[in-house]
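Participant: I have a structure here, written as structure tokens, and I will follow up with some questions on it.
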Amino acid sequence: MSQKSSSPIFRFAPSPNGLLHLGHAFSALVTWRAAKVLAGTALLRIEDIDTERCKPEFVDAIYNDLHWLGLDWPSPVMVQSERFDSYAAAGNHLRDADLLYPCFCTRSEVAALATDSDPDGAPLYPGTCRHLHRGEQIERLQRGDPVQFRLDTKAAAARTGMLTYSVVGPLITDRPQIRYARPERWGDVVLQRKGTPTSYHLSVVVDDAAQAITHITRGRDMEPATDLHVLLQMLLGLPTPIYHFHRLILDDDGKKLSKSRGSPSLASLRDAGWTPDDVRRALSL
Ligand code: GLU
């Protein structure tokens, strides 16, 4: 007897720390189109765990820009800053499993000691605090030294064994390819930051599961991070969605568009007279 499969659920999960640009528009349009191809739903999620850099006016701008592009989504929208308890619970689960350890290193100490880089080009954490004596951990925690909690990635990967996930091409309906995850290349990533019980990697997997996301469409620059997400899903007993990695929108210098590089915002293009069709044309969609 065939099992009734539920309808596919996609998501677009921008961070409101600036205005959306053409790269975001591409990601959103690809996501909504893929949802349509599979007769599924596209959800919006606001990823604002960085409460210092994220601003309510950028949340409003996300709604405006997406509506302007002709996109719609079900309410209520999931907002990460309202879900710190869920992330703390997931973090505690990993702590109870002895997979998180306190790290007291500053960013500059990590940079000074690192001999390698992670897939994003950042200094790879050399594992300095991984073997701190329990007594020293307790003493420093009690003293109130600034602390963050890192995943013992090697130990975690040893527990889960070989990890695979499915990747589909631009047609979304293509036959999935099986990919092997290599989370170890990230080293011991921070999962709970100073003053925040979570990190991007932890909250994204918790929320994808909470929203029952079946398909994740994201840029190719996110392929390596997906390896970590698959590891966390396995450790937390969460399902692994199917992934599609879309092409990146590059500027004239061949660099990925970004807020920090001052790429023109959708709002500024709109003010300059662009229409949603102009956006689609510019993105070859
Ligand atoms: N908030 C992330 C971003 O804006 C989401 C990326 C993802 O998890 O696919 O890049």
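Participant: A88: open to solvent by less than 20 Å² (accessible area, probe 1.4 Å) and touching a residue at least 60 places away in the same chain (Cβ under 8 Å), yes or no?
Facilitator: Criteria not met by A88.
Participant: Can you tell me which residue is nearest to the ligand (Cβ to nearest atom) among those in the stretch 190-205 that are among the hydrophobic types (A, V, I, L, M, F, W, C) and within 16 Å of S15 (Cα to Cα)?
Facilitator: Taking the candidates together, the pick is V204.
Participant: From V77, V37, which residue is within 14 Å of the ligand (Cβ to nearest atom), open to solvent by 20 Å² or more (accessible area, probe 1.4 Å) and out of contact with any His (no Cβ under 9 Å at 6 or more places or on another chain)?
Facilitator: V77
Participant: Say we look at the stretch 108-159 and pick out the residues that are within 27 Å of the chain's Cα centre (by Cα) and of a type in the set (K, R); which of these is least open to solvent (accessible area, probe 1.4 Å)?
Facilitator: The extreme case among them is R150.
Participant: Being more than 15 Å from the ligand (Cβ to nearest atom), at pLDDT 95 or above, in a loop (DSSP other than H, G, I, E, B) and open to solvent by less than 30 Å² (accessible area, probe 1.4 Å) narrows it down to one residue among C105, C54; which is it?
Facilitator: The conditions single out C105.
Participant: Which members of the stretch 163-186 meet the condition of being open to solvent by 60 Å² or more (accessible area, probe 1.4 Å) and either at pLDDT below 95 or assigned to a helix (DSSP H, G or I) (or both)?
Facilitator: Scanning the stretch 163-186 gives P170, L171, T173, R175, E184, R185.
Participant: Restricting the search to the stretch 191-205, which residues are open to solvent by less than 20 Å² (accessible area, probe 1.4 Å) and outside any helix (DSSP H, G or I)?
Facilitator: Within the stretch 191-205, L191, Q192, T198, S199 qualify.
Participant: For the stretch 115-133, indicate whether the set of residues that are touching a residue at least 40 places away in the same chain (Cβ under 8 Å) and on the phi > 0 side of the Ramachandran plot is non-empty.
Facilitator: There is at least one residue in the stretch 115-133 that is touching a residue at least 40 places away in the same chain (Cβ under 8 Å) and on the phi > 0 side of the Ramachandran plot.
Participant: Residue check: is D221 of a type in the set (D, E) and touching a helix residue (DSSP H, G or I) at 6+ places or on another chain (Cβ under 8 Å)?
Facilitator: So D221 does not fit the description; no.
Participant: Okay, moving on. Taking the stretch 14-29, which residues are closer than 13 Å to V59 by Cβ, open to solvent by 20 Å² or more (accessible area, probe 1.4 Å) and near the ligand (Cβ under 9 Å from one of its atoms)?
Facilitator: Passing the criteria: S15, N17.
Participant: Which of (1) within 11 Å of the ligand (Cβ to nearest atom); (2) closer than 23 Å to R33 by Cα; (3) open to solvent by 10 Å² or more (accessible area, probe 1.4 Å) is the odd one out, the single condition D208 does not satisfy?
Facilitator: Against the list (1) within 11 Å of the ligand (Cβ to nearest atom); (2) closer than 23 Å to R33 by Cα; (3) open to solvent by 10 Å² or more (accessible area, probe 1.4 Å), D208 comes up short only on (3).
Here's the yes/no breakdown for (1) touching a Lys or Arg at 6+ places or on another chain (Cβ under 6 Å); (2) of a type in the set (D, E):
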site: Y200; (1), (2): no, no
site: A209; (1), (2): no, no
site: T217; (1), (2): no, no
site: E223; (1), (2): no, yes
site: D227; (1), (2): yes, yes
site: P239; (1), (2): no, no
site: L248; (1), (2): yes, no
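The values are calculated or read from the model by the stated rules, or taken from the named source; none is laboratory data. Small disclaimer: the values here were computed from a predicted structure and weren't measured. Backbone-built Cβ (ideal geometry, glycine too); neighbour counts: all protein chains shown. Note: accessible area is taken over every heavy atom of the protein model, side chains too, but ligands, DNA and RNA are not part of it. Shrake-Rupley method; radii C 1.70, N 1.55, O 1.52, S 1.80 Å.
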